[in-house]
Amino acid sequence: MKVLDFDNTLYHGESAVDLALFMIKNNRRIILYLPKIFINLIKYKLCIVRKEKMVRAINDFMRNALRDKNEIYEAVEGFWGKNGHKLERKMLAKISHDDVIITAGPDFLINGIRGIINTDHIISSRIDSEKMNVRYLNFGENKVKGYKALYGDKRIECFYTDSYNDKALMEISDRVFIVKKGRLTRIK
């Protein structure tokens, strides 16, 4: 089985950040949260942010920047209409029905393109839309916990990612490929 990270592997960019930027045209309050979003993104990329801090920042954004619980869900279709071109078609073609996509991104965002990703095996962060908070942040070691909860000790034949943040998944994979703009470099 192959496991593929989503952001910067199957999608060029950080999809959740792009969604926030897309939503600004209808909700100017989001602008106030952009500095915090970008600072946390940099910390994430440098592997220096804790899960608890990420959860607090996401919850704060959802509760205070959004008008209501439906705003973010209603934006998803328009977002994919505008940003679908950022999907890496060559990488999407590698996905078979039994492969797994794993992402720190929210479930509602990846579910917006479920029809074109060729697999129903998706492990993502889960958002409680009623409470407007993170139920499960699929980040760092949680990616391995989420994987093992569904697949036990089944080894990953090939893992595709853009980031060494996924070191824990790399360790349980036979082969690992770093993906940069659609180009693959085998590192294990």
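The values are calculated or read from the model by the stated rules, or taken from the named source; none is laboratory data. Since the structure is predicted, the reported quantities are computational estimates derived from the model, not experimental observations. Glycine also receives a Cβ, built like all others from the backbone with ideal geometry; neighbour counts cover every protein chain displayed. What goes into the accessible areas is simple: the full protein's heavy atoms, side chains included, and nothing from ligands, DNA or RNA. Shrake-Rupley method; radii C 1.70, N 1.55, O 1.52, S 1.80 Å.
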| task | Consider His97 carefully, then state whether it is over 22 Å from Ile37 (Cα atoms), part of a loop (DSSP other than H, G, I, E, B) and open to solvent by 20 Å² or more (accessible area, probe 1.4 Å). | result | yes
| message | Please go through segment 151-162 and give me each residue that is assigned to a strand (DSSP E or B) and surrounded by fewer than 14 Cβ atoms within 10 Å (Cβ to Cβ), ordered by number. | response | Glu157
| query | Are there any pairs, at least 6 apart or on different chains, whose C-beta atoms fall under 8 Å, with the first in segment 98-114 and over 18 Å from Asp18 (Cα atoms) and the second of a type in the set (Ser, Thr, Tyr) and open to solvent by 20 Å² or more (accessible area, probe 1.4 Å), and if so, which? | reply | Val100/Tyr151
| message | Only one of Ala75, Ala93 is closer than 26 Å to Met132 by Cβ and not charged (D, E, K, R). Can you tell me which? | response | Ala75
| note | Of the residues in segment 40-60, those that are over 17 Å from the mean Cα position of the chain (by Cα) and not charged (D, E, K, R) come to Ile48
| Is it the case that segment 36-50 has a residue that's out of contact with any Ser or Thr (no Cβ under 8 Å at 6 or more places or on another chain), more than 22 Å from Ala168 (Cα to Cα) and among the β-branched types (Val, Ile, Thr)? | yes
| query | Can Ile72 be described as in a helix (DSSP H, G or I) and closer than 21 Å to Met23 by Cβ? | reply | yes
| said: Looking at segment 113-121, can you tell me whether even one residue there is surrounded by fewer than 17 Cβ atoms within 10 Å (Cβ to Cβ), at pLDDT 90 or above and touching a Lys or Arg at 6+ places or on another chain (Cβ under 8 Å)? | reply: yes
| message | Take the residues in segment 10-55 that are free of Cβ contacts under 8 Å to residues at least 24 places away in the same chain and closer than 18 Å to Gly84 by Cβ; name whichever of them is surrounded by the most Cβ atoms within 10 Å (Cβ to Cβ). | response | Leu21
| request: Evaluate the following for Ile58: is it out of contact with any Lys or Arg (no Cβ under 8 Å at 6 or more places or on another chain) and either modelled with pLDDT of 85 or more or crowded, with 16+ Cβ neighbours inside 10 Å (or both)? | output: yes
| task | Report yes if some residue within segment 104-115 is under 30 Å from Asn26 (Cα atoms) and over 14 Å from the mean Cα position of the chain (by Cα); otherwise report no. | result | yes
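Residue-by-condition table, conditions (1) assigned to a loop (DSSP other than H, G, I, E, B); (2) open to solvent by 80 Å² or more (accessible area, probe 1.4 Å); (3) over 23 Å from Asn165 (Cα atoms); (4) among the polar types (S, T, N, Q):
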site	(1), (2), (3), (4)
Gly78	no, no, yes, no
Ile101	no, no, no, no
Gly105	no, no, no, no
Ser125	no, no, no, yes
Glu130	yes, yes, yes, no
Val134	no, no, no, no
Phe139	yes, no, no, no
Ala149	no, yes, no, no
| request: Filter segment 166-179 down to residues that are touching a residue at least 60 places away in the same chain (Cβ under 8 Å) and either open to solvent by 30 Å² or more (accessible area, probe 1.4 Å) or in a strand (DSSP E or B) (or both) and give me whichever is nearest to Ile95 (Cα to Cα). | output: Val179
| Any idea how many residues of segment 61-76 are open to solvent by 40 Å² or more (accessible area, probe 1.4 Å) and over 22 Å from Phe139 (Cα atoms)? | 6
